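Report on one structure; see the data block that follows.
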Amino acid sequence: MMRLMQRSAGLADTSPARQQAEPILRLSGICKRFQGVQALQDVALTLSPGEVLALVGENGAGKSTLVKILTGVYRPDAGEIRLDDRPIAFADPLDAMRAGITAVHQETVMFDELSVAENIYMGHHPKTAGPVRRIDWAAMEHDARQLFQRLDVPLPVRAKVKTLGVAHRHYVQIARALSHEARIVILDEPTAALSQAEIHELYRVIEQLKAAGTAVIFISHKFGEVFAVADRFVVLRDGRFVADGRLANVTEQALIAMMVGRSIAQVFPKREVELGETVLEVDDISHPTEFDGISFKLRRGEILGFYGLVGAGRSELMQALFGLTPVARGTVRLAGAPVSIASPEQAIELGIAYLPEDRQAHGALLAMSIQHNVTLPLLRRIGRWLLGRRRTELAVTRRYAKRLQLRADHFAQAVAQLSGGNQQKVVLAKWLATNPKVIILDEPTKGVDIGSKAAVHEFTSELAAQGLAVILVSSELPEVLGMSDRIMVMYRGRIRTEFARHAATSEAVVAAASGT
């Protein structure tokens with residue numbers, strides 16, 4: 001702790017000389033192979049104290065494998081890792097942590113029933129002096145408070161972790177890293193479940209880490225975040241090093257071209273479609289606690305965007321339309337006829353499909369194969385006979401995998417083995433296979449790379465052009481503005497404003513979502 005506090009004394013040292021410090025970490029020629037698949041090939045990077053390095057690439061580019069090598073989970077097959085210009089090999093994650101390298105992952109693994117301080121010092125509690133050494137609870141809580149003071153985060157150290165939100169859990173992980181005197185902190189998709197206010201708070205914490213001389217590797221699919229916090233970038237594509245440089249010297253489009261190996265002229269390929277008759281009509285539906293007085297119409301061929309801040313009630317509304325939660329009052333009509341949707345099974349039979357926000361918990365059975373996931377809602381239609389069913393399952397899976405550009409070794413592969421973007425494509429294929437009239441896409445590109453986003457957007461436009469009615473729920477403002485024919489903005493469980501496509505601006509939509 002003494003060394004940690006000595007380092008924190010120099011928080012304001014952000015001079016050019018500091019930025020040009022000798023690298024703390026050098027990787028060269030890093031290779032890793034798994035069962036005939038070359039995950040990494042000749043990867044190199046450097047990282048200096050007080051620097052934020054953005055590690056960017058599509059899903060499957062090798063980022064996760066590289067992080068596991070840096071944190072001692074995997075050992076490279078070839079290449080060299082140099083720390084403080086000395087070669088080093090990590091036997092396990094504890095070895096990497098002792099060397100000062102730790103990772104804060106999107107999904108936090110913590111002891112929910114223990115306090116914040118206990119989680120920070122788990123495995124290396126301060127001990128009392130004397131022949132019988134016990135945990136020094138006062139010292140542990142004091143040191144935990146010092147860590148949060150250093151981060152300028154007011155977090156109660158005695159609170160149980162189960163009472164914390166996602167953002168505060170991330171701060172506990174960062175504090176735990178600093179308690180090990182971490183010199184390199186890897187932030188892996190840290191903002192995926194955060195609100196805008198929490199994201200900006202995290203930016204401030206990253207600045208505190210930089211000022212204290214901690215090196216940060218920042219992984220995110222959101223380019224706004226990359227350009228907001230990072231100094232330099234390294235691009236991986238198909239497991240290979242492609243390029244590096246300073247972010248001040250590149251544009252977003254140039255970075256995208258490096259990642260995907262081609263130019264993406266239009267990330268949001270919205271097609272102009274002549275809208276048809278009203279397919280879905282919602283009139284004054286309400287939920288006891290989540291939303292109230294919701295009314296809107298959805299036409300054939302239309303992409304209707306829903307935007308709002310966290311807690312606005314968007315996902316809860318969509319879950320009600322799919323029969324997952326009951327409504328207190330109101331009417332829903334499909335093709336002009338009133339319907340009562342009491343279960344997802346009823347919704348599917350009526351022609352409504354719902355792609356949930358949390359694909360891993362609610363969208364797919366991760367241990368099952370791609371083929372079985374895609375055809376799961378079709379079991380009654382496919383038939384009983386085993387041979388015929390398998391042929392139909394394979395044909396359906398092959399059809400939608402091709403249309404969605406699904407990347408997998410084979411269709412018997414477990415969904416858990418796929419990248420996040422490809423898991424999302426499996427869930428989308430599953431619902432498209434039901435041949436719906438209305439499809440609800442709740443955060444369809446959450447946590448996926450730019451190439452997969454473009455593919456999902458292109459396919460969404462294609463579905464609308466074929467006459468499908470689409471509801472697009474997204475927290476990403478450019479996605480809503482770029483893909484929607486109309487935008488419904490929700491605020492505290494109500495529809496605050498409706499915008500036509502040509503009238504929607506970033507400023508107006510954000511103002512409505514904020515209640516101003």
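Computed from the coordinates by the stated procedures, all read-outs in this text should not be read as laboratory data. Just so we're clear, the structure is a prediction, and the values are computed from it rather than from any experiment. Because the Cβ atoms are built from the backbone with ideal geometry, glycine has one as well, and the counts that use them run over all protein chains shown.
Residues whose amide H falls under 5 Å from that of Ile186, counting only those 5 or more places apart or on a different chain, are Thr102, Ala103, Val104, Ile217, with hydrogens built in the peptide plane. Taking θ as phi - 60° and the Karplus parameters 6.51, -1.76 and 1.60, the scalar couplings of the stretch 495-508 work out to 7, 7, 8, 10, 10, 6, 3, 6, 9, 7, 10, 4, 4, 5 Hz in sequence order, x denoting glycine and proline. Packing-based ranking of 170-181, 87-98, 286-297 yields 170-181, 286-297, 87-98, ordered from highest to lowest mean Cβ neighbour count within 10 Å.
Counting neighbouring beta carbons within 10 Å and listing from fewest to most, the residues Trp431, Trp137 come out as Trp137, Trp431.
Test of the criteria: in the stretch 60-151, which GluC sites (Glu not before Pro) are in a DSSP loop and have at most 15 other Cβ atoms within 10 angstrom of their Cβ? Passing both the DSSP loop test and the Cβ count: Glu107, Glu113.
Computing Cα extents along the principal axes in Å for the structure here picks out one of [x] 73, 57, 46; [y] 77, 50, 49; [z] 168, 55, 49, namely [y]. If R0 equals 30 Å, the separation of the Cβ atoms of Gln35 and Leu94 corresponds to a calculated FRET efficiency of about 0.70. Computed from the C-beta positions of His124 and Tyr203, the FRET efficiency with R₀ = 30 Å rounds to 0.55. In order along the stretch 462-472, the Karplus-derived 3J(HN,Hα) couplings, from 6.51 cos²θ - 1.76 cosθ + 1.60 at θ = phi - 60°, round to 5, 4, 5, 5, 7, x, 6, 8, 10, 10, 10 Hz, and Gly and Pro are given as x. Amide H contacts for Leu280 (H built 1.01 Å from N in the peptide plane; partners 5 or more residues away or on another chain; cut-off under 5 Å): Leu298, Ala335. In this structure, the residue pairs whose Cα-Cα separation is over 23 Å, taken from Lys68/Lys162; Lys63/Lys453; Lys63/Lys446; Lys32/Lys425, are Lys68/Lys162; Lys32/Lys425. Each other residue within a Cβ distance under 14 Å of Phe268 adds +1 if Lys or Arg and -1 if Asp or Glu, for a net charge of -3.
Counting only DSSP H runs of at least 4 residues, each contributing -39500 (n - 2.57), and dividing by the residue count of the chain, the helix-based mean residue ellipticity at 222 nm comes to -10000 deg cm²/dmol.
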